[in-house]
Each structure stands twice: as C-alpha cells, then as structure tokens.
Amino acid sequence: MIAPSCCWPEGRPLGALAAWISLAAALVVSRPVLAQGSKADYDRAQSLAQRTENKVFRARVRPEWFNPSNFWYRVETGPGLVEFVRVNATTGGREPLMDLRRLRAAVGQATGTAPPDAGAMPESIEVDADGAHARLRLAGKRWRLRLADHALVPNEQPEAPLPAVQGRVPRRSRRTGDETSITFVNQTRDDAEVFWLDAEGERRSYGRLRPGQERSQHTFEGHAWLVTDKLGNTLAVFEADATGRRAVIEEGRPAPPAVPTQKADAPTPTPPARIAPKISPERGQSPDGQWVAFVQDHNLHLRPANGGPAVALSRDGNGTNAYSPDVSWAPDSSAVVARRVRKGGERLVHMVEAAPKGQVQPRLHEQRYLKPGDDLPKPVLRVFTVSDQRQWNVADTLYPNPFTESGDIDVRWSPDGREFYFDYNQRGHQAYRILGVKLPSPGTASGGAAGEPPGEIEPRAVVDEASRTFIDWTNKTWREWLPGTGELLWMSERDGWCHLWLYDVATGRPKNPVTRGEWVVRRVEHVDAAARQVWFLASGVRPGQDPYFLHLCRVNLDGTGMVVLTEADGTHSVQFSPGRTWFLDTWSRVDQAPVTELRRASDGGRVATLERGDASALVAAGWTTPEPFVAPGRDGSTPIHGILIKPSNFDPSRRYPVVEEIYAGPQGAFVPKEFGRLTRQHAIAELGFVVVQIDGMGTNHRSKAFHDVCWKNLGDSGFPDRIAWLRAAARTRPWMDLSRVGIYGGSAGGQSAARALIAHGDFYRVAVSDCGCHDNRVDKIWWNEQWMGWPVGPHYADSSNAEQAHRLQGRLLLIVGEVDTNVDPASTHQVAAALVRADKDFDLLVMPGTGHGAAETPYGSRRRMDHLVRHLHGREPRWE
C-alpha cells in the first residue's frame with residue numbers, strides 16, 4: 001500500500017514514483033511464481049478428474065457370504081483387471097473363486113463362439129451354500145457353473161426380481177458403489193417414467209417405458225430410482241444392488257410414500273407440509289377391522305367398517321384448527337389418537353427463470369419455504385375412547401411450543417397398548433422430550449361425552465433433555481426401545497460429550513450411562529437386546545490418533561465391558577457377516593489407501609489382511625498426497641485438524657498463495673478423513689496454490705463446548721482457529737505465502753467465504769462465495785433455527801453478511817444459481833445490494849436456470865478458478 005503523503009519513499013518527489021513502481025512491477029513479474037495460472041496449469045487442473053479416474057486398485061471389498069463362514073468378493077487389481085476371491089473366514093484362507101480365462105473358454109464351448117475378454121466378465125454371481133456351484137449372468141444369458149472344473153450349463157431357474165423399496169423410501173442416492181445395472185420391466189397397462197434420484201435429491205429423467213417394454217440401465221450400487229405413472233404418481237422405488245436384476249413395475253403394486261425433492265446440507269429435516277390428496281377413509285381403519293376413523297368438516301368421525309351411520313368424535317375442529325386424517329389406533333382398537341393442528345404461516349418464495357428451456361418467455365417458480373421466525377403449525381393431541389365415544393385432551397403442559405413444519409406427531413405404543421409415546425422438540429431447540437400418555441382406564445366417566453367438556457390427560461416425561469445452548473436434534477436424538485425389559489437407549493450430550501444412556505421407561509429416570517469419557521459416539525451400529533450389548537462407531541477413543549477417526553466399539557448396557565474392536569491409525573468402516581461372527585474392517589486416511597482386514601467380532605482379533613489399496617497409478621497420474629496437520633486453536637490448547645494439498649509440480653523453493661476450501665456448517669465436520677481423490681481441491685492446487693481444509697470450533701463431532709461456539713454465532717465460522725492453524729503451518733513451511741490467502745465455499749460455506757473478507761479482511765484477500773446463506777433470516781427455518789435459535793434477535797443481524805457488507809475488504813466473487821431451491825437466491829442478491837450501497841467493488845455471477853451449487857458446474861468452476869488466479873497470482877488467467 002502507498003503511504004498517503006506527498007513524497008514517497010524517503011521524501012523523494014512524486015515524479016519519481018511512476019518509474020519506481022514500473023521497475024518494481026517488472027521485477028515482480030519476472031519472478032517464476034507469476035508463471036502460475038498458465039494454460040498448462042489450467043490443462044492439468046481441468047483434466048485432473050479424468051486423468052485420475054480408475055487409478056486406485058485393491059481398494060474396495062464387498063463380501064458376498066454364501067454360508068455362515070465363507071464369502072467371496074470381487075476386486076479390481078489394475079486397469080481392466082479383476083479378481084474373484086473366496087475366503088474361509090475361520091482360517092483366513094484366500095483362493096481364487098474362478099478363473100476368467102477358463103470361464104471364457106467354457107462359454108465358447110457352450111455357445112460355439114468364445115466371447116471377447118470383456119464378454120467373459122460375469123454380470124452377476126450367486127454362489128451356492130456348499131460353495132461348489134455358482135449361478136451367473138454372462139454374455140446375456142444365465143448359467144450354472146461348477147467351480148471345481150468350470151463346467152458350464154444353462155440355468156433355467158427363474159431369477160428373483162429386484163424388490164422395490166418398502167417403508168421409508170430414499171429421497172436421494174446416498175452412496176455410489178460398484179458399477180452395476182438395473183433392468184426396468186413395465187408390466188403395467190400405461191407408460192411409466194423412470195427417474196434417477198441424484199445425490200442432491202433432484203429427479204433426473206431417464207425416459208419412459210411403454211407397456212410391456214423393458215430396458216437395461218447402467219447404474220451404481222446404492223443409486224435410487226423412482227418410477228412414476230404419466231400423471232407423476234409414484235409406482236415404485238428401487239435401489240440398485242450388485243446383482244443387476246430386473247426391476248419389475250407391476251400393475252396394482254402398492255405405491256410407497258411420495259418422494260419429495262430434498263436438497264440440504266444436513267440430515268433430513270421435518271418435511272414440509274403437503275396438501276393431502278383425497279384418500280379413502282379406510283386409511284384410519286382400526287387394527288381389529290371393525291371401525292374407521294376419518295375427518296369430515298374439520299372434525300374426527302367414527303363409523304363401522306362394514307357400513308352404518310357415522311358419529312362425530314370431536315367437536316372442536318374448525319378451518320384454522322382442523323383434525324388431521326392421520327390417526328394412531330391403540331393395538332386393541334379401544335382408542336384412537338388424533339391431532340388437531342392449528343395452521344401455521346405459509347411463506348412462498350418466488351424465483352424467475354429468465355431463459356427456461358423450451359420457451360421464450362420467463363417462467364415463475366413458486367416454493368413453500370418457511371424461514372426463521374415464521375409462524376409454525378401447532379399440533380395438540382386428542383384421545384378418543386371407542387366404547388363410550390369420549391374425548392380426552394392431552395394437556396400441552398409439556399409440549400407447549402413444538403418445532404414442526406408439518407404439524408406431524410409420530411406415536412409409538414407400549415407393548416401392552418395402555419400408553420403411547422411421542423417426541424417433543426421445543427422451538428429454539430433447547431428442550432427435547434419423549435413424552436408418555438396413559439390411556440384413561442375403562443369406565444372412567446369424568447367428562448368427554450356428548451354435551452360435556454372433554455376430559456384431560458397429563459403427559460409424563462420419559463426423557464427430558466435440556467441445554468443452555470442447543471440440542472442437536474438432527475444428529476443426536478437417536479434412541480432404541482427395548483420393550484422386553486421396559487428400557488430405552490438414548491443419545492445425549494448432557495455430560496459434555498455425545499454418549500449413550502439407559503433409561504427406565506416406567507419411571508422416566510436414567511438407570512446408568514452406557515458410554516462415558518472424553519470421546520463421542522458417532523453412530524449406533526447394532527443393539528443386541530438378548531446379550532445386552534450395543535455396537536457403535538465412535539471417534540476419539542484411540543489416544544494419539546486423529547479424534548475424528550471412526551472406530552468400532554462394543555459395550556454392555558450396564559456400562560461395563562467396553563472394548564474398541566478396531567485399531568489401525570485411520571478411520572474405519574465395517575461390514576458384518578450374517579451371523580455377526582466376523583466383520584470386514586476397511587480403514588484408510590487421506591494419506592493412506594484403504595486396507596481391508598477380516599476380524600473376529602468377539603474380540604476384534606485380525607484373522608487376515610484381505611487387500612491393501614494400491615494408489616501408485618494415481619500418484620503417477622499427477623495426484624499429490626494430502627498432508628494432515630494439527631495445531632492449537634484460538635485458545636492456545638484445543639487441537640484443530642486440517643489438511644494441505646500441494647500442486648503436482650510443487651517446488652519447495654517457491655512461494656505459493658494459500659487457498660482455503662471452507663464449510664463450517666455445525667451439522668458435521670468436513671475435513672476429509674478417509675482416502676479419496678478430492679478432485680476439486682486438487683484441481684485448484686494445480687493452478688499454483690496450496691489448498692487447505694480446516695475444521696474450526698463450532699463444527700461437530702468433538703465436545704459439546706467445541707460445538708457450542710456456533711450457537712447464535714454462525715458468523716464466527718471458526719475463523720480464529722483457522723487463522724491460528726494457518727499461521728502455525730506456515731511457520732514450518734516457508735513455501736506458504738500468507739500475504740496471499742484466498743478462500744472459497746458454497747451454501748453455508750458460501751456464507752463463510754464472504755464473511756472472511758467482511759470480518760477478517762486483514763488476513764484473507766480473495767474470496768469466491770457460491771449460493772451462500774448470507775443472512776440466516778433469509779434461509780430455511782429448520783437449519784438456521786437449529787443453530788441460531790428462536791426467537792429471531794439481534795444476533796441474527798450480527799452474523800448477517802448483508803448487514804455487515806460495508807466492512808468488506810479484498811476481492812469478492814458472488815455466484816448464485818437463478819433457481820436455487822435450497823438457499824433462497826435473494827440471500828446473495830441482498831449482499832450484492834448492500835455492497836452497492838456501500839460503494840464496494842465486487843463481482844457477481846448469476847447463472848441462469850441453475851440451482852444450488854452453481855460453482856460446481858463447469859462454467860462456475862472455471863470462473864472460480866479465474867477469480868483466484870487473477871487476484872492471488874496477479875495475472876490474467878491463461879485457460880485457452
């Protein structure tokens with residue numbers, strides 16, 4: 001920066017200044033570092049994903065158990081090379097399941113024509129329980145193979161179809177496994193339309209099937225597929241598996257629940273209310289089949305299932321406080337539980353798509369989208385006894401202000417049917433209860449009959465959770481009912497760490513903590529009620545290891561016998577044998593390719609090492625190994641963890657600008673822990689940057705105190721920890737140039753990226769903010785009230801980038817999708833408007849027809865790269 005004086009430097013006249021600057025600029029430009037951001041760099045960056053695809057081998061093992069102690073698996077061993085391995089779990093012995101060359105010869109002998117090498121690859125394999133034969137789909141036909149000598153005969157046995165998903169259907173594809181296929185067969189009398197549900201919950205149409213038509217579709221294990229009729233009604237949902245089986249769409253198949261579009265940064269929230277379709281009253285039929293409860297004129301009615309006059313059970317429903325047709329019957333049909341719901345607010349977000357496909361004129365989009373502070377529906381419970389048709393109001397003393405966007409309340413019944421339970425999540429998320437309601441005793445005559453005021457039932461607290469800050473209801477309200485012993489397993493952070501507690505349901509008191517210590521339970525894997533044990537994944541349980549690494553543990557329900565069953569220095573995932581005698585333990589780190597071991601479930605002892613991942617081809621393709629690093633945070637003592645990624649042409653004698661990828665959403669932790677290509681981060685590094693990721697305070701999976709930093713304080717984003725971490729890293733890495741630090745992020749990360757230049761512009765110089773929820777009052781209600789609390793107060797404005805935009809320093813690029821259904825695009829536009837009012841320079845890219853994550857499109861990604869190159873390297877990008 002030039003000093004604001006008439007002479008500079010050392011009193012020299014201004015006439016000499018221009019010449020001095022020109023000379024200095026020439027010297028700087030001549031430095032090799034400014035060659036970064038060249039066309040060669042762009043070529044490496046933009047080709048990296050393709051160059052590094054399918055370059056890691058022996059990394060993925062999925063066991064197929066064919067009897068209690070034997071399994072086989074398929075593993076890629078090199079480019080186009082595959083092995084099929086069978087394993088004796090008792091001994092750990094490994095041997096080939098089949099020889100593909102002999103199989104190819106057997107196909108040629110059976111058909112008269114040997115298939116090409118690729119044609120000898122089985123599409124699906126099922127091994128018989130005796131391990132002597134396998135059933136294959138191969139070369140378009142089904143075969144039975146004798147494994148001992150590769151004798152092959154046609155298999156005439158019909159193949160079981162891929163079952164449709166029942167119960168709670170997936171809203172999106174949650175995992176991408178090995179390549180496979182799925183063959184859709186339309187056995188209905190009308191057209192059926194096929195959609196892939198992508199990882200963001202978007203429906204991707206794959207066309208229509210005519211009646212009787214079948215079509216094979218390439219996919220991946222775990223991908224979810226939705227089939228609808230031509231009116232959009234759900235016919236079936238399938239989840240692809242490794243078998244490549246036929247997905248039969250049948251006439252009259254019961255349709256699963258509707259699959260709404262879901263795009264979110266956090267676990268599935270309370271779904272938005274939907275307009276209920278006209279459904280037959282039989283939806284409210286009693287378990288004994290004698291009665292039907294239904295809603296008419298806003299009130300609950302009851303009629304005999306075999307016909308006869310109906311009677312009104314309730315009399316207090318009206319247009320604004322109407323009864324829901326979703327009721328819950330007592331198991332013995334003696335009573336029915338219903339909800340009367342007061343309507344909440346109905347906020348609509350409107351977006352104009354300026355250049356929609358297929359038409360000239362703009363298109364207006366409308367979306368129901370509640371925001372923090374909006375009025376929510378208020379459900380109250382009513383109990384109606386059938387024999388005397390009395391109404392009992394469940395007093396709302398313990399559930400006065402529920403957080404619900406839909407008005408739903410899920411009811412669970414006790415084994416004897418005399419009590420039911422429901423959850424209460426209090427608005428503001430500082431109280432969470434499981435409440436119990438006992439049915440009135442038969443013959444109780446106090447009120448509720450026709451012409452009398454309703455009776456009243458006081459609920460009781462089975463679990464009563466309270467927090468000074470917030471209860472993480474989206475991640476940490478897991479429970480398991482143990483009806484055989486009248487107990488409940490419950491997850492809680494009441495002692496400052498996420499642990500499991502055992503409750504006595506009858507008394508509503510905790511019996512004992514099941515787990516304890518300065519580590520966290522991350523996910524319950526299995527509860528064995530008979531053995532009174534719980535299996536779970538935890539992090540922080542291995543001293544000296546990264547506290548985010550997952551390990552498998554087991555403990556008795558009384559809190560004794562805690563054992564950690566995995567040991568290697570990495571993060572672990574497990575796959576159990578059907579009888580849970582053995583498990584496959586796959587562990588890795590960002591700097592360690594996956595290793596898969598077979599272990600005993602009894603004590604975690606290793607039986608065999610099955611595979612060691614080989615990433616040599618990945619490194620040879622120009623991929624650099626990320627470097628983990630840990631340093632104290634803002635308090636000088638709490639370890640903060642992160643990684644660094646260097647370009648493939650890294651030269652330690654040069655100075656590199658640093659670019660941080662940020663996502664500080666409190667719902668999780670985001671620094672990668674398992675091995676992966678991380679192509680976005682590596683591509684940016686190829687432009688001549690050191691790329692870092694850091695989990696600061698306020699993110700999840702550490703202590704409650706660590707997490708609580710985010711409360712009413714999303715503008716913090718852990719920046720004091722991030723800056724301390726970067727400075728500590730640079731002290732021993734002279735090639736990190738902290739005078740040139742950039743940052744980018746999307747969604748909540750977009751909010752943080754812009755915040756870096758607003759609140760920490762003395763450290764961060766350049767930012768790219770994509771689809772940011774810049775003002776938590778403008779974003780969706782469930783995510784923002786979870787962390788920012790309720791009611792909406794001045795703290796919302798304190799964290800708002802729009803309110804603080806006048807403090808901006810540095811070079812900011814705002815990117816937003818025109819039709820973003822996740823984060824209201826108005827959030828970005830309001831920041832832009834505030835920057836205009838403050839006379840601040842910035843760049844704005846509005847991407848027509850684009851939704852959430854606009855910067856991850858090819859064009860948005862390139863513009864992000866250009867901005868970082870232009871303002872951190874100080875040169876125009878050379879990408880063409």
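The values are calculated or read from the model by the stated rules, or taken from the named source; none is laboratory data. The shown structure was predicted, so the numbers you read here are calculated from the model rather than taken from an experiment. Here Cβ is always computed from backbone atoms with ideal geometry, including for glycine, and neighbour counts include all displayed protein chains. We work out accessible area using only protein heavy atoms, side chains counted, and drop any ligands, DNA or RNA first. Shrake-Rupley method; radii C 1.70, N 1.55, O 1.52, S 1.80 Å.
Before moving on, here are some points about what is shown:
- Extension gain (nm, one decimal) between residue 148 and residue 531, 0.36 nm per residue minus Cα-Cα: 133.8 nm
- Rounded Å value of the spacing that divides the Cα centres of segment 847-874 and segment 324-340: 53
- The alpha-carbon atoms of segment 190-234 define a convex hull whose volume equals 75 cubic angstrom per residue.
- When a 1.4 Å probe is rolled over the protein heavy atoms, the share of accessible surface on the chain that falls to carbon and sulfur comes to 51 percent.
- Heavy-atom accessible area order for 371, 343, 712, largest first, 1.4 Å probe: 343, 712, 371
- The overall shape of segment 376-505, judged from the alpha-carbon gyration tensor, is oblate: a/c is not under 1.5, and a/b is no greater than b/c.
- Distance from segment 384-427 to segment 768-844 (C-alpha centre basis), Å: 39
- Dipole magnitude of the chain about its Cα centre (Cβ charges: Lys, Arg +1; Asp, Glu -1), debye to nearest 20: 1140
- Rg to Rh quotient for segment 133-179, alpha carbon positions, Kirkwood Rh: 1.16
- Sum of -39500 (n - 2.57) over DSSP H runs of 4+, divided by residues of the chain (222 nm, nearest 500): -4000 deg cm²/dmol
- Exposure of residue 179 as accessible area (Å², to 10), given a probe of 1.4 Å and all protein chains: 130
- Taking all protein chains together, 420, 670 sort by accessible area into 670, 420, largest first [probe 1.4 Å].
- Lysines whose Cα lies under 24 Å from that of residue 39, excluding same-chain neighbours fewer than 8 positions away: 646
- A straight chain from residue 233 to residue 837 at 0.36 nm per residue would run longer than the Cα-Cα distance by 212.6 nm.
- When the alpha carbon coordinates of the chain are projected onto the principal axes, the ranges are 102, 77, 66 Å, largest first.
- With the charge dipole of the chain set up from +1 on Lys and Arg Cβ and -1 on Asp and Glu Cβ about the Cα centre, the Cα lying farthest toward the positive end among the listed residues 105, 506, 248 is that of 105.
- For a modelled paramagnetic label at residue 288, 7 Å from Cα along Cα-to-Cβ, the residues of segment 381-406 in reach, with backbone nitrogen under 16 Å, are 384-390.
- Average accessible surface for segment 569-618: 35 Å² per residue, computed with a 1.4 Å probe over protein heavy atoms with every protein chain in place.
- Those trypsin sites (Lys or Arg not before Pro) in segment 776-880 that DSSP places in a loop and that have at most 10 other beta carbons within 10 Å: none
- For residue 391, the shell of other residues with beta-carbons less than 12 Å away shows a net charge of 0, using +1 for Lys and Arg and -1 for Asp and Glu.
- Positive-end residue, segment 544-696 charge dipole about Cα centroid, Cβ charges, pick of 595, 564, 632: 595
- Bridging of residue 704 to aspartates and glutamates at a Cα separation below 20 Å is possible for 464, 465, 472, 493, 495, 518, 546, 635, 695, 716, 721, 785, once same-chain residues fewer than 8 apart are set aside.
- Segment residue 190-residue 156, extension gain: residue separation times 0.36 nm, minus the distance between their alpha carbons: 9.2 nm
- A simple spin-label model places the labels of residue 47 and residue 564 4.5 nm from each other, with each point 7 Å out along Cα-to-Cβ.
- With a Förster radius of 60 Å applied to the C-beta separation of residue 516 and residue 353, the computed FRET efficiency comes to 0.65.
- Entry comment: accessible area of segment 712-788 is 21 Å² per residue, from protein heavy atoms only and a probe of 1.4 Å.
- Efficiency of FRET between residue 67 and residue 333 - r from beta-carbon atoms, R0 56 angstrom, step 0.05: 0.80
- Pair residue 95, residue 312: separation of 7 Å Cα→Cβ label points (nm): 7.8
- Accessible surface for segment 294-417, divided over its residues, is 47 Å² per residue with a 1.4 Å probe.
- Residue pairs, from the table 343/712; 371/712; 378/476; 712/780, whose Cα atoms sit over 18 Å apart: 343/712; 378/476
- Ordering 879, 501 by accessible surface, largest first, gives 879, 501; the 1.4 Å probe counts only protein heavy atoms, with every chain in place.
- Those trypsin sites (Lys or Arg not before Pro) in segment 452-553 that DSSP places in a loop and that have at most 13 other beta carbons within 10 Å: 468
- Sites residue 844 and residue 210, calculated FRET efficiency, Cβ-Cβ separation with R0 45 Å, nearest 0.05: 0.45
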